[in-house]
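Visitor: The structure that follows is given in the form of structure tokens.
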2 protein chains.
Amino acid sequence: MPLKTSWVTSANSADHPFPLNNLPYGVFSQGDDDPRCGVAIGDMILDLRAAEENGLVVLMEEPLFEAPYWNDLMEQGPAVWTALRNRLTDLLGEGSPAQAALHACMVPQSDAQMHMPIVVSEYTDFYASRNHAFNVGTMFRGPDNALPPNWLHMPIGYNGRASSVVVSGTDIRRPWGQVKSPKHDLPAFQPSRRFDFELEMGAIVGTPSEGPVTVQQADDMIFGYVLLNDWSARDIQGWEYVPLGPFQGKATATSISPWIVTKAALEPFRTDTPPREFALLDHLKDCGPMLYDIDLTVTLTPAGGAAQQISRTNYATMYYSAAQQLAHHASSGCPMTPGDLLGSGTVSGTEPDSRGSMLELSWGGQEPMQIGEATRSFLEDGDRLTLSGAAQGDGYSIGFGRCTGVILPAQPDPFAETKG
Amino acid sequence: MPLKTSWVTSANSADHPFPLNNLPYGVFSQGDDDPRCGVAIGDMILDLRAAEENGLVVLMEEPLFEAPYWNDLMEQGPAVWTALRNRLTDLLGEGSPAQAALHACMVPQSDAQMHMPIVVSEYTDFYASRNHAFNVGTMFRGPDNALPPNWLHMPIGYNGRASSVVVSGTDIRRPWGQVKSPKHDLPAFQPSRRFDFELEMGAIVGTPSEGPVTVQQADDMIFGYVLLNDWSARDIQGWEYVPLGPFQGKATATSISPWIVTKAALEPFRTDTPPREFALLDHLKDCGPMLYDIDLTVTLTPAGGAAQQISRTNYATMYYSAAQQLAHHASSGCPMTPGDLLGSGTVSGTEPDSRGSMLELSWGGQEPMQIGEATRSFLEDGDRLTLSGAAQGDGYSIGFGRCTGVILPAQPDPFAETKG
């Protein structure tokens, strides 16, 4: 599929992240205005609340864009998702008769503040990159026992904390937590010294389920994808996670990119999951190409320093797709709801410079990275960490924009007054 | 504190669960009416939406009881919680001048259908009974390694699934899931054969936090308590839980009792946590008596059979209080929100007949229980499992009512059509 051209001419260059082929959905505000839903086209945003009020985008009798999140639209299901995308493609395409009428609904992205695009109902994080699971397992248990016995049979995941999901651009405060050093007999409560990022994709569930679903049904339930950084305090996690899994080490914040790239926009980029040692059970079997060819990069910018790319990998390297994760999630009868966010798990490639976390890039701190004139094993205060992602089409790209955050120093001891 | 008497005379008997001292909060409907907030008094319910509309309960300018859940009231904070309780105590007390006016707002409990009392924003389950952790650890790792090294230093917990929380009385469908028997090399997808209950208390968070909080602040944030049954598929959980913790084994359903017993009603029953081998770190230190003396019982009723009490224990046996769990939960900066539900973890006493799960009562199936003329290692289809709880005061009791559910057979193979 070639580039579709728009009368928003900035959208028509081969390397712009938001051509007419993309049409990602976000929530934005201008100045002191209320946040509202919008769609990115080139360097502009079409204000959907305004377009709906003006009668330019009318899909249902009741309004879909009154609230500052996409959940209301998502709940309408795939037929309405398609109708909206078709309508927007017509409105924003080159030669659209609506161009003049739309003029009052267009906002420059440079004037806009981005907000959370959805109300996250619940957040689940998976662990579906074989390279990542192997790297981490090797560090902790040696290469022969790196993968847990269940790993090749189902997408392992845990429930995270929806209240901690924030939009790209939000500063991230280094957390305090309980940690235990191997050098000490007793744990201590202190600021995390091994604070890390995780390069992930996030899948957004658009429609609900009430019982088990097939992988195909799960794929149909997915509305779109975002970049996701699951900030991780490795020292807190290391002490807490046996036997019930990650908890406070993953609860400080998870950042997502502000623009939801729809499943429809990603259709041309579907790829197969990799060959498997064990056939998956029926409820997890692939129903077609399930992953996407999406290039992912990570840059680290120290305070006052230059941005440096520290990792480059591809979402197509994953072992389990979001649809398989969702099918597994619903298999027990767990009700899935619009706004559920599923983290893919850290995306790591096979090469050392394609790893998706500092834990792997610095091999647990044993091989610090050179960043400009400094070194890094984990993130330091003032560091900016940025994820980027794009699928490369024939003369166009489908970009995700950026998912970025700056590490703020830990707050002063929050319990100084309670010390005895 | 003695029994406070009410003009609703059924509330004045020493063993009634809902005297004027209690005033638990729920959501009910009558016939085809909309669900609405109410408070239990004896055998009756005071309809709070009606009382607010009639001007009998007016705490704020804006209405607090329009919606069919308690979140709006909870968000107002402790001063409004106290004002409501004081107003209800006046209205429902013996000799209240409002008795005649309230007549139109009273509904017999026997006519009412109970609903979820809150919108559960997120659900976290802890593991805070030392007896339970020791029993389960002993079964899996032997008595010398029963408690994980972190267990005596912080309340271990994991994030559960809010969408799966249901009100008492909801039938529970036996789940399918991926399990692996030690006898087989490969896992299978099948109905759970080791489906279990967990006797717990649930604490409901009423006010939000944005950063770490002290244990005292955490205690102030708690609105009230319910009985909680965290239904658990032990065979699914056993195969999935390493390394990221319980997931689908705990995602089918969690039942809660319909009436929220407020922290205020439980004040006379506070008890100390037990002696500790290791002093807790400052952020988790007790700030006074933190547990409650609440008798808890479990009965199992086979289909067509007689109810049999299978366990009796007390919430005061826990090692960590809900306030300590909440302080730990917020310690990383994790935002806590009104409607968060914290499961205490299975409440098990020291004696064999005070254990809070079939896993412990049947010692992993090795010592099946005698139930009437049958035996049970885990729950069977048609079994009704009921939790009850009450604090015993001086001539009155503070009851929680019941938390009950019946096990339905697993659905037919949900993936029969996908089999190759």
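The values are calculated or read from the model by the stated rules, or taken from the named source; none is laboratory data. Since we're looking at a predicted model, the values are computed, not measured. Every residue, glycine among them, receives a Cβ derived from its backbone with ideal geometry; neighbour counts consider all protein chains shown. Please note that ligands, DNA and RNA were not included when accessible areas were found on the heavy atoms of the full protein model with its side chains. Shrake-Rupley method; radii C 1.70, N 1.55, O 1.52, S 1.80 Å.
Visitor: Put +1 on the Cβ of every Lys and Arg and -1 on every Asp and Glu Cβ in chain A; which of A:Gln370, A:Ser168, A:Gln99 then has its Cα farthest towards the positive end of the dipole?
Guide: After comparing all options, I get A:Gln370.
Visitor: Between the DSSP loop rule and a limit of at most 11 other Cβ atoms within 10 Å, which GluC sites (Glu not before Pro) in the range A:349-417 are left?
Guide: Those that pass, being in a loop and sparsely packed, are A:Glu373.
Visitor: Also: Calculate the dipole size of chain A relative to its Cα centre from +1 charges on Lys and Arg beta carbons and -1 charges on Asp and Glu beta carbons; express the result in debye to the nearest 20.
Guide: 1000
Visitor: Further, regarding this structure: Placing unit charges on C-beta atoms (Lys and Arg positive, Asp and Glu negative, everything else neutral), compute the dipole magnitude of the protein assembly as shown about its Cα centre in debye, rounded to 20.
Guide: Once rounded to the nearest 20, the dipole reads 1880 debye.
Visitor: Can you work out the FRET efficiency for the pair B:Thr375 and B:Asp43, with r the C-beta to C-beta distance and R0 = 30 Å, to the nearest 0.05?
Guide: Efficiency computed from Cβ-Cβ geometry: 0.20.
Visitor: Still on this model: What does the average come to when, for each residue of peptide A:246-258, you count the partner chain Cβ atoms lying within 10 Å of its Cβ?
Guide: If you average over the peptide's residues, the count of other-chain Cβ atoms is 4.
Visitor: Report in % the part of the accessible area of the range B:123-417 that belongs to carbon and sulfur, leaving out ligands and nucleic acids; probe 1.4 Å.
Guide: C and S atoms contribute 51 percent here.
Visitor: Quick one: label points 7 angstrom along Cα→Cβ at A:Pro368, distances to the other copies in nm, smallest first?
Guide: Counterpart label points of A:Pro368 in the remaining copies fall at 6.3 nm.
Visitor: Oh, and also: When the helix-only estimate is applied to chain A (DSSP H runs of n ≥ 4, each -39,500 (n - 2.57), divided by the residue count), what is the mean residue ellipticity at 222 nm, nearest 500 deg cm²/dmol?
Guide: Calculated from helices alone, the mean residue ellipticity at 222 nm is -4500 deg cm²/dmol.
Visitor: Dipole magnitude of the range B:258-317 about its Cα centre, charges +1 at Lys/Arg Cβ and -1 at Asp/Glu Cβ only, in debye to the nearest 20?
Guide: I would put it at about 160 debye.
Visitor: Going through the DSSP H helices of chain B, which span 20 Å or more along their own axis at the Cα atoms while scoring at least -0.5 as a mean Kyte-Doolittle hydropathy?
Guide: B:78-92
Visitor: Starting from a label point 7 Å past Cα on the Cβ side, list the distances from A:Asn54 to the same position in the other copies, nm, shortest first.
Guide: 5.3
Visitor: Exactly which trypsin sites (Lys or Arg not before Pro) in the range A:221-319 are in a DSSP loop and have at most 15 other Cβ atoms within 10 Å?
Guide: When the trypsin sites (Lys or Arg not before Pro) of the range A:221-319 are filtered for loop state and at most 15 Cβ neighbours within 10 Å, A:Arg276 remain.
Visitor: Related question: Using a 1.4 Å probe on protein heavy atoms only, how many Å² of accessible area do B and A hide from each other, summed over both chains and rounded to 100?
Guide: 5600
Visitor: Taking 0.36 nm per intervening residue step and subtracting the Cα-Cα distance, what contour gain separates B:Glu417 from B:Ala101 on full extension?
Guide: Once the chain is fully extended between B:Glu417 and B:Ala101, it gains 107.7 nm.
Visitor: A follow-up question, please. Please average, across the residues of B:333-345, the number of beta carbons from any other chain that are within 10 Å of each residue's own beta carbon, and give a whole number.
Guide: 3
Visitor: Here are some pairs, A:Lys183/B:Lys180; A:Lys250/B:Lys250; A:Lys250/B:Lys285; A:Lys285/B:Lys183; B:Lys4/B:Lys250; which of them have Cα atoms lying more than 31 Å apart in this structure?
Guide: Table pairs above 31 Å Cα-Cα are A:Lys183/B:Lys180; B:Lys4/B:Lys250.
Visitor: A:Ala83 label points, 7 Å along Cα→Cβ, one per copy: pairwise distances from this copy to the rest in nm, shortest first?
Guide: The answer, with the shortest distance listed first, is 4.5 nm.
Visitor: A further question on this structure: Counting only other chains, what is the mean number of Cβ atoms within 10 angstrom of the Cβ of each residue in peptide B:207-217?
Guide: 2
Visitor: On to the next question. When only C-alpha pairs under 8 Å and at least 6 residues apart count, what is the relative contact order of the range A:9-115, in percent?
Guide: 32
Visitor: Heavy-atom accessible area per residue, the range B:198-338, 1.4 Å probe: how many Å²?
Guide: Roughly 26 Å² per residue, with all protein chains present.
Visitor: If you keep only loop residues by DSSP, which trypsin sites (Lys or Arg not before Pro) in the range A:359-420 have at most 10 other Cβ atoms within 10 Å of their Cβ?
Guide: Within the range A:359-420, the qualifying trypsin sites (Lys or Arg not before Pro) (loop, at most 10 other Cβ atoms within 10 Å) are A:Lys419.
Visitor: Given the options A:Ile204, A:Met336, A:Gly356, identify the residue whose Cα lies farthest towards the positive end of the charge dipole of chain A (+1 on Cβ of Lys, Arg; -1 on Cβ of Asp, Glu).
Guide: A:Gly356
Visitor: Tell me, what is the percent relative contact order of chain B, built from C-alpha pairs under 8 Å that lie six or more residues apart?
Guide: Contact order relative to length: 21 percent.
Visitor: Place +1 on the Cβ of every Lys and Arg and -1 on the Cβ of every Asp and Glu in chain B, take the dipole about the Cα centre, and give the residue among B:Phe247, B:Gln76, B:Asn314 whose Cα lies farthest towards its positive end.
Guide: B:Phe247
Visitor: Along the axis that rotates chain A into chain B, which residue of chain A has the nearest beta-carbon, and what is the gap in whole Å?
Guide: So the closest residue, with its distance, comes out as A:Gly245, 1.
Visitor: So what is the relative contact order for the range A:105-162, in percent, with contacts set as C-alpha pairs under 8 Å and at least six apart?
Guide: 43
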